[in-house]
1. With a probe of 1.4 Å, find how much accessible area region B:30-93 has per residue, and write the answer as a whole number in Å².
2. Can you pull the one-decimal nm distance between simple spin-label points at C:K316 and C:A211, each 7 Å off the Cα toward Cβ?
3. Could you name the aspartates and glutamates whose alpha carbon sits less than 14 Å from that of A:K369, not counting residues in the same chain fewer than 8 places away?
4. When the label point is put 7 Å from the Cα of C:D809 along its Cα-to-beta-carbon vector, which residues of region C:755-783 have a backbone N closer than 17 Å?
5. Taking Cα atoms, how many degrees apart are the long axis of helix A:124-139 and the longest axis of chain A, rounded to 10 and kept between 0 and 90?
6. Using a 1.4 Å probe on protein heavy atoms only, how many Å² of accessible area do C and A hide from each other, summed over both chains and rounded to 100?
7. Could you order C:E230, C:E197, B:E40 so the one with the most accessible surface comes first? Probe is 1.4 Å.
8. Run the numbers on region B:30-93 and let me know its relative contact order in percent, using alpha-carbon pairs under 8 Å that are six or more apart.
Amino acid sequence: MRYSLLSLARKAAQGHRDWPQAWRSPEPKPHYDVVIVGGGGHGLATAYYLAKNHGVTNVAVLEKGWIGGGNTGRNTTVVRSNYLFPESAAFYDHSVKLYEGLSKELNYNIMFSQRGMITLAHTRHDLEAQRRWANAMRMNGVDSDLLSLEEMREQVPALDYSPSARFPVIGGFIQRRGGTARHDAVAWGYARAADALGVDIIQNCEVTGFDYDADGVQAVRTSRGTIGAGRVGLTASGHSTVLADRLGFRLPITSYALQAFVSEPVKPVLDKVVLSPATGVYLSQSDKGELVIGGGLDLYASYAQRGNLPTVETVVAGMLTMFPSFSRMRMLRQWAGIVDVVHDSTPVFGPAPVKRVYLNCGWGTGGFKAIPAGGWCMAHMIAKDEPHPLTAAFGLDRFAKGALIDEAAASGIAH
Amino acid sequence: MADLAAWPSMHGSEVTWDGAAIAARPVEGFRLFRVKFAGESEEGAKALGLPDCGHATPSALAIGPGDWLLIHPEADADAAAARVTTAGGYAIEVSDALIVLDLKDATQVLSRLTGLGIACFEPGRTARTRLAGIAVVLAGLDMGGVRMIFDRSYARHMRRYLDLAA
Amino acid sequence: MTRLPTGGLIDRSKAVRFRFNGRDYAGHPGDTLASALLANGVRLIGRSFKYHRPRGIMAAGAEEANALVQLGSGSSAEPNLKATQVPLRDGLEATSVNCWPGPRFDLRGINQLASPLLIAGFYYKTFMWPSWHLFEGPIRRAAGLGLAPEGPDPDRYVHAHARHDVIVVGGGPAGLAAAHDAALAGGSVLLVESDFELGGSALWRPEVEVAPAIAALRAMANVTILTRTEVFGYYDHNSLAAVETVMAGDGPRQRLWKLRAGKVIIATGAIERPLVFAGNDRPGVMLASAAQAYVQRYGVLPGHRIVIATNNDSTKEVASVLTAAGASVDVVDSRRGLSVTHAKGALGVKAARLSDGRTLPCDLLLMSGGWSPVVHLFSQSGGSLRYDDTIAAFVPAVARQPVECVGGAAGDLGDLNIEPEWETPGSGKKFVDFANDVTARDIAIAASENYRSVEHLKRYTTLGMGSDQGKTSNVNGLALMGELTGRAPGNVGTTKFRPPYNPVTFGALAGPLVGTLHTPIKCLPAHAWHAEQGAVFEEHGRWIRPTAYPRSGESWEAAAQREALEARTSAVLFDGSPLGKIEVCGPDAAVFLDRIYVGTASTLKPGRSRYGLMLSEHGVIVDDGIFVRLAEDRFLVHTTSGGADRIALAMEEWLQCEWTDLRVAILPATSQWAVMTVSGPGARQMIADVGTDIDLADFPHMAFREGTVAGFAARVLRASFTGEASYEISVAARHATALAQRFGRAGAVPIGVEALNILRTEKGYLHIGVDTDGTTLPDDVGMAGPIAKKASDFVGRRSLLRDDAAREDRLQLVGLLSDGPMLTVGSQVLAPGGTVPGPSDGHVTSAVFSPTLGRPIAMGLVRRGRSRKGEVVELYDMGTRLKATIVDPVFVDKAGEKLNG
């Protein structure tokens, strides 16, 4: 059924009975051409593009819990492509472009709001570093603009512009095409569209091991039985190292808890997404009125999806140092995801050391914005058994070669 | 460019501690040395009578494993530093690097602010922890006093903190 | 609604004046805003989030989902407080939220007409054409409840730690008993209660005697009691967080408690559940126990003709209390086959329609759908829950930390004899989540669409995501979903409980380290002297440093130009005190430094120094500095000003974790020494003038001496970042000002960070982090030589053997000369014939106007730069194009002769 105002009205007239399933809950088949491990945004997008772009529909997405329940449902919803290096810029901007058309493509409103992402400058060194960044973006064909202090005051009035501010705001730069999108909707939209093309989405199905040998992978062992697989895609952020371990190889990834929180909903007070490099804190205001706030990691390795109080204090202190008037507002909800951190802040994307297994991981704190391009390129790689040009530089082999792409500055958050 | 004219800026020597919400008095007339050993420290520490980690003598605070602060009046400070060298240790002067404050009636307040138990502030005990976002050494004094030692460059910051922390 | 003539725990002898929506009212000490409004006959409080339906007061405590108010205005505003949790105080001003002009007549009430379309998740199904942006503006303006405060917070907040053997959360009957038992057993006990009174449910059930227990606890020396303190989070290591509202006049507004417990006892009681029938959100529809609380605790009768809809025995007590207070009460018990299907009366309930067709007039409609133990903290602690059919509730199952639940929180609810009915039959809007306007139909739609897991249910319908965090809606919602999909509530399960249990002020979470106390900042020992010289200051890596010393009428930029020229012609003084200084001592100190640096320490003689480049394990340049050999077993290592702490820590990590056999001690000394650098052709003479016992005639570049300068004990290093003869004079920090004054009187011109930047750029000296980034390798900046010469291994060496390190097209540090205009740092170098967008051949890293040469100069990292000298390249900077010639990065005194003066 196609979603639209018309169909909504029609259903309303019928008393909203019998709304069709957004996706089925099929029993797993004994074998699939492609098995994707991890039912988050990347996994579901991969399945969708396998079917849509490559006509590969005999696909299963296996999800340990409920789809979108990992990092896809826990991030701070920011979409942007303000990266420094050409390889990153090309990839993430492809993702932003896909986001721009995604609601219509999936017939599911993901509410992509391109209200603009601003990075603040507090020192002259910041201004210089950001000029390089903004120029590099333009060289890479991505939109960027520098903002004067007057423009900053106009666009983000709630910042501390007083002379006694701890981190005086002296300017900043903006990617106007950056913004936010409804994270759950991205997972659900891809799931519904993939399901409609014949992909099986299997929830409550944990992968416990693999059958593989020197010729490559043959099957995936799960809590719901063994499932034969022609090819396997790994898109399980937060547990990529665990899966790699079950396939006998290591990844240069350490997993940490990354917390985020929201305030109670208030009337509009912040229009843009704003990041301060001095505090490492960034925030935006959702369409519901809640401030959505993120900052640095809990600095110990963990799979717990739960951070602790000291990080909350640090992030909130950073936020209030930027926005003193938010002090009397209250935190309403807080949660954490598991971020897979790679030391050059660039993902690990490419064939795994086991044949017919493909990796899409190591997104660190920045996987949500990458979902459409991640799925697009992963689908290509699985279908054609060769990396997509946009992700060729992200392979596991770059560490041995030393061809690192150090996006620490661009990923915006302290690692 | 950021105009920091409105900024509260002063180095430790210009800060006045009178009137702080947590009463603090700077301690003068002492020299301080940071002492470590290269490799094993047990023998040398024993020879010098240096206290165990977390403890203090009148002239030495053990501020970490194999890490001490010596406090000596001017008169015998050089001799004390020389004794360290003889015992195989290394002593560097940190008299200017650090500021020593004696906080009056401070054990309860500091226990609240740092999370350390009151026992850590008994005379003869010492602790190293974070306060106001910086590293501090705390040593118990008689009559509920606590001696606080930290990098003098942060003095202005700490002065403000003492007014706002409790 | 009336205030009863007697009864309640209020102080009737005093009046408390307050204002709501611009009208003045009075109440008593002991009232909440909610009880006082009810006493004054006000039951319409606001409008709901999505449908803008009129709403009143439905509860008496933290579970209130409808009666949100805004307190105060301007910078003291507090949005979205529950009127039931606002203790009444004199002068309080409150307003409704989310309605305009007011709750009685709200323009957005028109939303109700569109409500058939506004089902849960409706926005996923529409607003896609032509684009979301068209709809987003109005939706954002309609969303949100209260108004954010304007201006900085006038109040401050503090943090406090405490640890106790036993912490009891909740001062009701069960908590008081548990605290008493724990106290008798010895050890320290903390009792934490969020209300302003102890007593919990006993506050509205006077037959439960708690006064003796309270008196006993107050008398025990090992018991601490905190009231107005709400525990909102349970974390690892048996730690809790709580927020205390501080009542002292000029103190902090709130105190965040960070508590550690040997054992935690959770006595947080249970919350009553609503019944799900049409119109159950109307003003005048309330939880049954809330009505009892209003009568018993506040002396307010919230209605006179009362209907109680129930499915359990707990309402018997309510009925008898209300009857005794003079109301007429009808009980409608669904266990007897009779339900309330409709609450009628939009602005306030007027009647209850029953399932047998009858209509009962009423001005208060109470509902009891059962009780949910408050298991949030237990669940946050990692404890698991199970569903108990006998009480139709989730109760604690297995604990993962030392914690125990007692009383209502443990499921001790008495004989409920409950027969749950998760949805009352009938048409109309039956609310499950009042805060977010989620109805039973929304849950049915979610089930139909396969958003069936409890987490999907929550996220798709937003059930439980409002200000009340689902306290009255989570169980009803998940049980209803279970019913629709053939699962028992226990199989549907609850969503993950996470802090905060109740919303917590951001200010309290942050504590005092905000604003000027955030990220501690350091000041120079001679700060006051610099200020006297007219310095303008900027922050550089946590230090406040002089940027320049403009004289009257001079801009700081012009001052920097003047200062740089002085350095090349006379003698200048630069305060380099933040320079990192670390003493590395021990028999293996040289071996250690050989491994840490490119540049060999072991071949250095005492009194000599060497430039050291520090690499990461990836071979990337991370720091540089001069190291000096003081003695066979002592080195003085210098780091960049921003790197001192970080480098000392890195050294410790290598020694403690990897090279544990090396005998080395790391002794940081940065703040001990003030560094006054005298530089320029006149530097040597100036030092002689000021006075020194060091033989300046035998003091070559890169040498180190100890002695006295101006009578102060000093360490002097002949290192130069200006390119002129330079003497870095380190004295004990207490002498910084005196030394500066001596040089000042001798005619040294003070120069700031900006002038230094000009000077070092003229010389092509590297500024790490500016001319390098996270990818720059030694050969990129022309420092491959020392690596080739060094035989032994060092951190990063292996990575320099990787393919990427040997790429022939790497970016290399060069100079750039424009044909006139200043180049901007961050400009990109285009490939020959290149376009924008297009590949980049590098970027400008440093750019200054050189007063020495009278022209702009720049440095940059350019692809294959060293083999392209003389080539003219095009630069791009935010739309502007310029040309520049690639040159050697040393612009002044290429042979470095001036260093040796």
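The values are calculated or read from the model by the stated rules, or taken from the named source; none is laboratory data. All of these numbers come straight from a predicted model, not from anything done at the bench. Virtual Cβ from ideal backbone geometry, glycine too; neighbours counted across all protein chains shown. Surface areas here come from the heavy atoms of the whole protein model, side chains and all, with no ligands, DNA or RNA. Shrake-Rupley method; radii C 1.70, N 1.55, O 1.52, S 1.80 Å.
1. Heavy-atom SASA per residue in region B:30-93 reads 47 Å².
2. Label-label distance for C:K316 and C:A211, simple model: 2.8 nm.
3. A:D93, A:E100, A:D184
4. Within reach of a label on C:D809, which here means backbone N under 17 Å from a point 7 Å along Cα→Cβ, region C:755-783 contributes nothing.
5. So the inclination is approximately 40 degrees.
6. Counting both chains, the buried surface is close to 9300 Å².
7. Numbers: C:E230 40, C:E197 70, B:E40 150 Å².
The residues order as B:E40, C:E197, C:E230, largest area first.
8. 46
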